Amino acid sequence: METLTIPEQDIINAVCIYIAEKKQVKPQEVEVELMYDDDYGFSAEVYVADRKQVLITQNLIEALRGWLDQQLHMNPYSGIQLVLDDEQGIIAQIKGS
């Protein structure tokens, strides 16, 4: 089984598209900061028109599923795991079938 690594910038892009669709704005109008906390895990602060929203891990996974489907034409329900990498930052590993 092959594993695909999604870099941090692509995760940010996926979140921008996800929020843009929900808020009916352009992806360029969305700012995203990915975060990791030992107690709470992965999250993101999202800003649209000076309004802040916090996304939890499940929201990030949902955004990645949409991105996998729309951008890479991959099975969006492949196993997605967020990983904190010392060198690459926050990445996603997708288990291919």
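The set of residues in region 33-63 being polar (S, T, N, Q) and touching an Asp or Glu at 6+ places or on another chain (Cβ under 8 Å) consists of SER43, GLN53.
A single entry from LEU64, LEU82, LEU72 fulfils the requirement of being modelled with pLDDT under 95 and either under 21 Å from GLU2 (Cβ atoms) or among the aromatic types (Phe, Trp, Tyr) (or both): LEU72. Cβ-Cβ distances below 9 Å connect no pair with a first residue in region 79-97 that is on the phi > 0 side of the Ramachandran plot and in a loop (DSSP other than H, G, I, E, B), a second residue that is modelled with pLDDT of 95 or more and of a type in the set (D, E, K, R), and a separation of six or more residues or different chains. Here is the figure for region 15-26: residues that are closer than 20 Å to ILE90 by Cα and out of contact with any strand residue (DSSP E or B) (no Cβ under 8 Å at 6 or more places or on another chain) total 2.
Just one of the numbered conditions (1) touching a residue at least 60 places away in the same chain (Cβ under 8 Å); (2) in a strand (DSSP E or B); (3) within 14 Å of LEU84 (Cβ to Cβ) is not true of LEU4: (3).
The values are calculated or read from the model by the stated rules, or taken from the named source; none is laboratory data. Everything quoted here is computed from the prediction, not taken from an experiment. Please note: Cβ atoms are built from the backbone with ideal geometry, for glycine as well, and neighbour counts cover all protein chains shown.
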